[in-house]
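Asks: Just passing along the structure, written as structure tokens.
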Amino acid sequence: MQAAVHLGGAASPEVLMRLKIVTVNLSFLVALATLWIYDYVTTLDEELPFILEFSWRTAKCLYLACRYLPFVYLGATLFRTLDQHPMLSMCETYYSLNSYLGGVIVFAAESIFFMRAYAIWDRSRWILWVFIVSVILILTPIVAILVEYNASTTVTDELAPGISGCSKTGEGSIIFVVYVLIVICETEILLLTLYRAIVKYQHRRQGTNVLKTLIQHNIFYYACGLIHDLRDHLGITDLIGVQASYSDIASSTQIAAHAILVTRMHRELWRSNNESSYPEQYTLTTFHAAAPYRTYRCSGNE
């Protein structure tokens with residue numbers, strides 16, 4: 001662990017700050033990895049039948065990406081932080097792997113809730129085009145910003161003079177524009193979900209279990225995402241001391257939180273559909289997921 005390196009003589013403020021950043025990053029990463037493993041172990045018993053009864057469609061592939069890619073993502077991040085004598089090529093590989101995997105995980109999580117919101121809107125073609133246009137308008141600047149951000153940073157194999165370890169230099173605050181765009185996207189979906197929920201309950205006071213679960217999950221998920229994104233953007237970075245170096249913690253916590261929320265809610269939706277005792281307008285098949293087998297009881301008078 002780099003934070004435990006023995007420093008001969010008086011360390012400069014820059015070295016002390018770098019070691020502080022490494023220690024904080026490592027603490028957060030260990031906590032995230034522990035939380036992720038705990039969540040996986042405690043829910044494995046309900047996940048096995050869930051996976052076995054799901055057909056191989058888009059929703060299942062997105063779920064598996066959110067469920068298992070974080071193991072690789074967090075593992076690579078921990079290895080990068082703990083490696084005391086890394087080669088420059090390995091540091092570049094670690095950062096590239098984290099960037100690509102993190103993007104895939106967040107995209108998969110957001111895609112699942114796009115599909116759920118689409119189901120709430122009865123697969124309306126109009127709302128589908130709204131989603132498609134929104135994704136294009138938001139994803140294009142995000143990709144451009146990330147390309148510019150990566151081009152402006154330099155990967156090194158030194159944390160500070162005399163201390164080896166993977167780090168980046170030349171980072172700027174432009175990365176937080178991405179969080180603003182994500183907030184805009186999540187706000188749009190949240191408002192569309194709230195509007196649809198109000199309309200549905202005005203026409204039918206009692207919705208089906210699956211419809212209620214879809215609406216509750218979408219509202220809760222996007223509320224949590226909004227709070228997290230706003231927290232990152234509003235400057236908690238000052239607590240650590242170096243704004244750019246906080247991006248590691250911000251991105252890792254956001255990716256882990258999104259993945260945990262979306263996988264738990266997707267299983268809960270499956271369970272709600274499974275426990276339903278009557279045919280419903282909204283089922284898992286509404287967004288291309290196989291509905292589990294259900295039996296129906298007939299009364300003795302029928």
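Asks: Please go through region 116-141 and give me each residue that is buried (at least 19 other Cβ atoms within 10 Å of the Cβ) and of a type in the set (A, V, I, L, M), ordered by number.
Replies: Ala117, Ala119, Ile120
Asks: Taking Ile175 as meeting all but one of (1) crowded, with 16+ Cβ neighbours inside 10 Å; (2) at pLDDT 75 or above, write down the number of the exception.
Replies: (2)
Asks: If I ask for residues that are among the aromatic types (Phe, Trp, Tyr) and at pLDDT 85 or above, which ones from region 108-127 would you list?
Replies: Selection gives Trp126 alone.
Asks: Scanning region 1-57 for residues that are touching a strand residue (DSSP E or B) at 6+ places or on another chain (Cβ under 7 Å) and aliphatic (A, V, I, L, M), which turns out modelled with the highest pLDDT? So that I can check it myself, show each step before the final result.
Replies: Start the filter on region 1-57 by keeping residues that are touching a strand residue (DSSP E or B) at 6+ places or on another chain (Cβ under 7 Å), which leaves 2, 5, 14-15, 18, 22.
After this cut, where a residue has to be aliphatic (A, V, I, L, M) as well, the list is 5, 15, 22.
Numbers: Val5: 47, Val15: 66, Val22: 74.
Taking the candidates together, the pick is Val22.
Asks: Just the residues that are free of Cβ contacts under 8 Å to residues at least 40 places away in the same chain, over 23 Å from Val177 (Cβ atoms) and touching a Phe, Trp or Tyr at 6+ places or on another chain (Cβ under 7 Å), please, taken from region 118-161.
Replies: Within region 118-161, just Leu128 meets the criteria.
Asks: Only one of these conditions is not met by Ala76: (1) touching a residue at least 40 places away in the same chain (Cβ under 8 Å); (2) out of contact with any Cys (no Cβ under 8 Å at 6 or more places or on another chain); (3) among the hydrophobic types (A, V, I, L, M, F, W, C); (4) crowded, with 16+ Cβ neighbours inside 10 Å. Which number is it?
Replies: For Ala76, the exception is condition (1).
Asks: Please find, within region 183-229, the residue that is modelled with the highest pLDDT out of those that are charged (D, E, K, R) and part of a helix (DSSP H, G or I). Show your work before the answer.
Replies: Going through region 183-229, the residues charged (D, E, K, R) turn out to be 186, 188, 196, 200, 204-205, 212, 229.
Cutting the leftovers down to part of a helix (DSSP H, G or I) gives us 186, 188, 196, 200, 212, 229.
Working: Glu186: 78, Glu188: 82, Arg196: 79, Lys200: 72, Lys212: 69, Asp229: 63.
Result: Glu188.
The values are calculated or read from the model by the stated rules, or taken from the named source; none is laboratory data. Just so it is clear, the structure is predicted and the values come from calculations on it, not from any experiment. Here Cβ is always computed from backbone atoms with ideal geometry, including for glycine, and neighbour counts include all displayed protein chains.
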